[in-house]
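The values are calculated or read from the model by the stated rules, or taken from the named source; none is laboratory data. Note that the structure is a prediction, hence the values are computed from the model and not measured. Please note: Cβ atoms are built from the backbone with ideal geometry, for glycine as well, and neighbour counts cover all protein chains shown.
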Amino acid sequence: MRKIYHRIIQISGNVITLEAENVFNGELAEVRSGSQSSLAQVIRLAGKRVSLQVFSGSRGISTDSEVRFLGHPMQVSATTDLLGRIFTGNGTPRDNGPELTDHLVEIGGPSVNPACRIIPKKMIRTGIPMIDVFNTLVESQKLPIFSIPGEPYNQLLARIAMQAEVDVIVFGGMGLKYDDYLYFRNTLDEHGALPRTVMFVHTASDPTVECTLVPDLALASAEFFAVEEHKRVLVLLTDMTNFADAMKEIAITMEQIPSNRGYPGDLYSQLASRYEKAVQFRGENGGSITILAVTTMPGDDVTHPVPDNTGYITEGQFYLSGGHIEPFGSLSRLKQNVNKDTREDHRTLMDTMIRLYSEYRDTLEKQSMGFRMSPWDQKLLKYGDLFERNMMDLQVNIPLEGALDQGWKILAECFEPAETGVKTDLVKKFWSK
Amino acid sequence: MSDVNIKTGRVTGVNGNLVSVAFDTSVRQNEVGYVEISDGSRLKSEVIRVRGREADMQVFEATGGIKVGDAVEFTDQLLSVELGPGLLTQVFDGLQNPLPRLAEESLFLKRGTYLYPLDTERLWSYSVTAPVGTELQAGDEVGWVPEGIFHHKIMLPFGWQGTWKITWTIAGGDYNIQTVVAKAQNESGEEREIRMVQSWPVRVPIRTYKEKLLPEEPLVTQFRIIDTFFPIAKGGTFCTPGPFGAGKTVLQHGLAQRSEADIVIVAAVGERAGEVVEILQEYPVLEDPRTGHKLIDRTIIICNTSSMPVASRESSIYTSVTIAEYYRQMGLNVMLLADSTSRWAQALREESGRLEEIPGEEAFPAYLESLVASFYERAGLVRLRDGKTGSVTICGAVSPAGGNFEEPVTQATLKVVGAFLGLSRDRANARRYPSIHPLESWSKYHSLVPAEDVAEARAMLRRGNEVNQMMMVVGEEGTPIEDFVIYLKGEFLDAVYLQQNTFDPIDSACSSERQRHVFTKVLDVLKREFTFEDKTIARNYFNQLRQAFIDWNYTPWQSTEFECGEKTIDNLLYNK
């Protein structure tokens, strides 16, 4: 029987300190005060003094609250029973289902040996032309969706979840509005995707500490499906800026020296240790983890520490602005691994359409400055309009091949083949008459 | 050594990856110790501060599970690397653990698993250089083994003071690295054994050379913008700061593949694992055109990616540079590519925060600048005691927060490097690769071409840029044609010379002879007086010229196509 401690000597922020023995770093404890009880985790040891971070916050904790150490770190049940379930940020069920206690594994485990990784070569189809054609998503990729607050980023995430060809979806919500949580749950349910989904949801009204646990819980269960069950797992995280802000809040109450705009000095390492869980394992049916994470940019500022550090970690980014995925700035660093094997016209069409769209943007600028529009400018204006309506609009939902055909149609409607600079053999084969 | 002599201690506190240890007898600063935790694993740690009877140690692993009272065993050794044949082609983590062999045990990097870095069973064909009776000093050649195409010297251990006389040598033949290959005696009569492998503490520079020389000879990278405009020298230092998405990694990979160095050490310091995987899988098949061997045969990879423990990220940069110095001592030209030094600085910052030191700018430790300086100072061209020269060239990638070069790591780096190749997001967005900014970058080393020619070309770029700025205000109509031609010349230089296609096998590798040849022709265009009737004609002419030059860039050096291309250009130029 483990000893119960009753004398808390310090309460500050979400951290309580007491004197205890035989406690290890990272150990979980249960803190009970009156009828309330919360989990807490050891974050610092100094002689007999043990500091614990209380998941539900320190409000209402009294100096004589009961603290019982559990002898294990934070864990998640690694079983297929996870599927179809919804949990809170501390891993307890949110859906009135039973607690899962079988086959518990530690969260935040070690990283994959780089020598065991392979170069990813499989495309993930989403039915969204701006992704499939222009910035192809690749299995095992880690990609953020950079967005200003107010953009339909959660809708985009939900659509990708529904349409992506993956086996398991792991959803991690951080600081989510309750409405958004319901939106995700209902959308997944309507499309029948819930039975292959695990959700860890921290809503905006839940305790801050739980927000920081969500990515680890989500990724530990994703790792189980990918490694043990050889599944292709898609992890959706929204919103990583809330996660970073929760870390900032905790670091400051812990009196850590802030580095940049109040964020802790280890922000990069913290974000990287989560994103780097994205991996493709060897073998024909080797599992994989793909991570798509919303990162809202405060003030549309990409140099803000959260998007900035994220950009250095991830393999590209999708910019969501004005209700669509921006063709410029968005980048999939892995697309060249896959887009040579889709269809022979894929790369050429991708380059040509983007180049012409960029010329269209220049023409728009000229137009707004009052310069006269040449016949070529008129063609570009027509093209830009068609491109925005039939390719960029997030409502467009067609498979890659359909989108490529659509692209040729748009080109044919606006230009002569020679004006596009496309190689003659491709024009012969694909140009719509 | 008996058990009595083993120094021990007990854990008294844990804070992040820092543990406090009460020691029983004595400790050394930067000594390595192992924390023994209840699940049986032993976690490697390093003493970084001593206060009273307590030592603060940084643990090179995750610290979950450590208890107050856990035993600590000190080794009395500073953090060291093993130096000997077999380092080439290897992939190590920041503590010199061989990653491929760790992979045989587990998919994941289980903490507390340490393997000997080198293969102890492989046999090397050893030849004696210094027969019995030879007097040697530290770093002098005792014998040698062939390692791939290299003459791998077995040297008198770097830490041996004074003069040593060889008293015994093994006969030439095949031995493993642990074999005693010679014995030597110093003036005071002490006799020691020499093996093919020796240890060296990573934080201490290897200084067993005769003198340090001024780096003057260019290190050809085959990037035109670097070799001609912002050259680097054998034994020099340079940095490549740039925001994300500006092409830092592609540039580093290009340097690793095509630089004319003997040995390339790629240090992936806190960066994406995926990028290392590309090197791991491609270098064993890519050919090094200069030697005909595979690229991996001249490469060593030190890989401590972003999700691996922060403390070993900090040490990985020293591991890399120590291995570089080891090969320099054999008279080789070594290039160390560290991507990225910002992640190393961040590791220092994390550690400094835990030590509760008074922070400097942006919470980086106050001693950041001196650490950055002493790291780059380990580069250099040296004359060895046998008269040969060897060099370590260091290229540090810097990832400035927000792409802002004013931040402390970039500024500390700029103070000590010999060349600055600043990458620009604007150039990357405009697909002008390599995205090195031609107006902001600088180099203190000698170019392949005469300095006044480079100055002339740069002046053209600057004036072209000024005209471009002006045109944005007054429009093309309001620009005089003379200015417009200057603008076209600047753009022409940028398009045909500064930009280079990294993915094309020919254009990506531009040899020094070819650079000299092409640059003369480009300069000819820049100097030439042109008269055009109007701007459209001028633009069309330069478009034609640009196309001809670009096509020329894609032809193999001195082939018939190359000569053909040159003729086309000459026709355009002289028959106008």
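Could you list, in sequence order, the residues of segment B:434-447 that are part of a loop (DSSP other than H, G, I, E, B), more than 14 Å from chain A (Cβ to nearest Cβ) and within 22 Å of the chain's Cα centre (by Cα)?
B:Pro434, B:His437, B:Ser441, B:Lys444, B:Tyr445, B:His446, B:Ser447
Among all residue pairs at least 6 apart or on different chains, which show Cβ distances below 6 Å where the first residue, located in segment B:395-418, is within 14 Å of another protein chain (Cβ to nearest Cβ) and the second is of a type in the set (Asp, Glu) and outside any helix (DSSP H, G or I)?
Filtered contacts from segment B:395-418: B:Ala397/B:Asp339; B:Pro400/B:Glu407; B:Ala401/B:Glu407.
Kindly establish whether B:Glu105 is of a type in the set (Asp, Glu), within 33 Å of the chain's Cα centre (by Cα) and either closer than 28 Å to B:Tyr327 by Cβ or assigned to a helix (DSSP H, G or I) (or both).
no
Look through B:Gly274, B:Gly270, B:Gly245, B:Gly235 and report the one residue that is on the phi > 0 side of the Ramachandran plot, within 13 Å of another protein chain (Cβ to nearest Cβ) and surrounded by 22 or more Cβ atoms within 10 Å (Cβ to Cβ).
B:Gly270
Could you tell me which of the residues B:Arg383, B:Arg432, B:Arg425 is surrounded by fewer than 21 Cβ atoms within 10 Å (Cβ to Cβ) and either in contact with a His (Cβ under 6 Å, 6 or more places away or on another chain) or within 22 Å of B:Glu216 (Cβ to Cβ) (or both)?
Among B:Arg383, B:Arg432, B:Arg425, only B:Arg383 is surrounded by fewer than 21 Cβ atoms within 10 Å (Cβ to Cβ) and either in contact with a His (Cβ under 6 Å, 6 or more places away or on another chain) or within 22 Å of B:Glu216 (Cβ to Cβ) (or both).
Among (1) closer than 24 Å to A:Ala158 by Cβ; (2) within 11 Å of chain B (Cβ to nearest Cβ); (3) touching a strand residue (DSSP E or B) at 6+ places or on another chain (Cβ under 6 Å), which single condition is A:Leu271 missing?
(3)
Check A:Ala115 against each of (1) small (Gly, Ala, Ser); (2) assigned to a helix (DSSP H, G or I); (3) within 14 Å of chain B (Cβ to nearest Cβ); (4) in contact (Cβ under 8 Å) with a residue 12 or more places away in the chain and name the one condition it does not meet.
Tallying (1) small (Gly, Ala, Ser); (2) assigned to a helix (DSSP H, G or I); (3) within 14 Å of chain B (Cβ to nearest Cβ); (4) in contact (Cβ under 8 Å) with a residue 12 or more places away in the chain, A:Ala115 fails exactly one: (4).
Please specify each residue of segment B:127-142 satisfying the condition of being outside any loop (DSSP other than H, G, I, E, B) and more than 28 Å from the chain's Cα centre (by Cα).
Across segment B:127-142, the qualifying residues are B:Ser127, B:Val128, B:Glu135, B:Leu136, B:Val142.
Just give me the residues in segment A:375-396 being touching a residue at least 60 places away in the same chain (Cβ under 8 Å) and not in a helix (DSSP H, G or I), in sequence order.
A:Asp393, A:Leu394, A:Val396
Within segment B:530-553, can one find any residue that is among the hydroxyl-bearing types (Ser, Thr, Tyr), surrounded by fewer than 16 Cβ atoms within 10 Å (Cβ to Cβ) and not assigned by TED's automatic domain parsing to the domain that holds B:Ile226?
yes
Quick check on A:Thr88: is it more than 30 Å from A:Gly402 (Cβ to Cβ), surrounded by fewer than 20 Cβ atoms within 10 Å (Cβ to Cβ) and not basic (Lys, Arg)?
No; evaluated as a whole, the condition is false for this residue.
When you go through (1) closer than 25 Å to A:Val166 by Cα; (2) at the interface with chain B (Cβ under 8 Å from one of its Cβ atoms); (3) not acidic (Asp, Glu) one by one for A:Ser259, which number turns out not to apply?
Among (1) closer than 25 Å to A:Val166 by Cα; (2) at the interface with chain B (Cβ under 8 Å from one of its Cβ atoms); (3) not acidic (Asp, Glu), the lone unmet condition for A:Ser259 is (1).
Residues that are more than 10 Å from chain A (Cβ to nearest Cβ), assigned to a strand (DSSP E or B) and either more than 28 Å from the chain's Cα centre (by Cα) or exposed (fewer than 15 other Cβ atoms within 10 Å of the Cβ) (or both): does segment B:87-95 have at least one?
no
Answer yes or no as to whether A:Thr303 is farther than 27 Å from A:Gln75 by Cβ and at pLDDT 95 or above.
Considered against the rule, which asks whether it is farther than 27 Å from A:Gln75 by Cβ and at pLDDT 95 or above, A:Thr303 comes out as no.
If you take the residues of segment B:68-82 that are farther than 20 Å from B:Leu95 by Cβ and surrounded by fewer than 18 Cβ atoms within 10 Å (Cβ to Cβ), which of them is nearest to the other protein chains (Cβ to nearest Cβ)?
Step by step, filter segment B:68-82, then rank; the result is B:Gly69.
Every residue, every condition in (1) touching a helix residue (DSSP H, G or I) at 6+ places or on another chain (Cβ under 8 Å); (2) over 27 Å from B:Thr208 (Cβ atoms), yes or no:
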position: B:Glu361; (1), (2): yes, yes
position: B:Pro365; (1), (2): yes, yes
position: B:Leu384; (1), (2): no, no
position: B:Thr389; (1), (2): no, no
position: B:Gly402; (1), (2): yes, yes
position: B:Lys415; (1), (2): yes, yes
position: B:Leu421; (1), (2): yes, yes
position: B:Ser424; (1), (2): no, yes
position: B:Ala428; (1), (2): no, yes
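Name every residue in segment A:12-33 that is of a type in the set (D, E, K, R) and either within 14 Å of chain B (Cβ to nearest Cβ) or in contact (Cβ under 8 Å) with a residue 60 or more places away in the chain (or both), in order of residue number.
A:Glu19, A:Glu21, A:Glu27, listed by residue number.
Limited to segment B:456-480, what total is found for residues that are surrounded by fewer than 16 Cβ atoms within 10 Å (Cβ to Cβ) and either touching a strand residue (DSSP E or B) at 6+ places or on another chain (Cβ under 9 Å) or of a type in the set (A, V, I, L, M, F, W, C) (or both)?
Going through segment B:456-480 one residue at a time, the tally reaches 5.
Pick out the one residue from B:Pro131, B:Pro157 that is loosely packed, with under 14 Cβ neighbours inside 10 Å and at pLDDT 95 or above.
B:Pro131
Name the helices (runs of 4 or more DSSP H) wholly inside segment A:262-351 in which the number of residues that are hydroxyl-bearing (Ser, Thr, Tyr) and surrounded by 20 or more Cβ atoms within 10 Å (Cβ to Cβ) is 3 or more.
Fully inside segment A:262-351 and qualifying: A:267-275.
Would you please name the residue that is surrounded by the most Cβ atoms within 10 Å (Cβ to Cβ), looking only at residues in segment B:9-20 that are β-branched (Val, Ile, Thr) and within 35 Å of the chain's Cα centre (by Cα)?
Ranking the candidates gives B:Val14 first.
Taking segment B:23-51 as the region of interest, how many residues are within 14 Å of chain A (Cβ to nearest Cβ) and surrounded by 17 or more Cβ atoms within 10 Å (Cβ to Cβ)?
5
Which residues, counting only those in segment B:327-340, are modelled with pLDDT of 95 or more and of a type outside the set (Gly, Ala, Ser)?
Listed by number, the residues that qualify are B:Tyr327, B:Arg328, B:Gln329, B:Met330, B:Leu332, B:Asn333, B:Val334, B:Met335, B:Leu336, B:Leu337.
Give the residue, chosen from B:Ala103, B:Ala62, that is within 14 Å of another protein chain (Cβ to nearest Cβ) and free of Cβ contacts under 8 Å to residues at least 12 places away in the same chain.
After ruling out the rest, the residue left standing is B:Ala103.
Go through segment B:277-326 and give me each residue that's in a helix (DSSP H, G or I), within 13 Å of chain A (Cβ to nearest Cβ), without any contact (Cβ under 8 Å) to a residue 60 or more places away in the chain and not acidic (Asp, Glu).
Scanning segment B:277-326 gives B:Val277, B:Ile279, B:Gln281.
Just to verify a result, which residue in segment A:399-422, among those that are closer than 19 Å to A:Glu359 by Cα and part of a loop (DSSP other than H, G, I, E, B), is modelled with the highest pLDDT?
For segment A:399-422, the residue satisfying everything is A:Phe415.
Considering only residues that are under 25 Å from B:Asp56 (Cα atoms) and not polar (S, T, N, Q), which ones fall in segment A:29-55?
Of everything in segment A:29-55, those that are under 25 Å from B:Asp56 (Cα atoms) and not polar (S, T, N, Q) turn out to be A:Val42, A:Ile43, A:Arg44, A:Leu45, A:Ala46, A:Gly47, A:Lys48, A:Arg49, A:Val50, A:Leu52.
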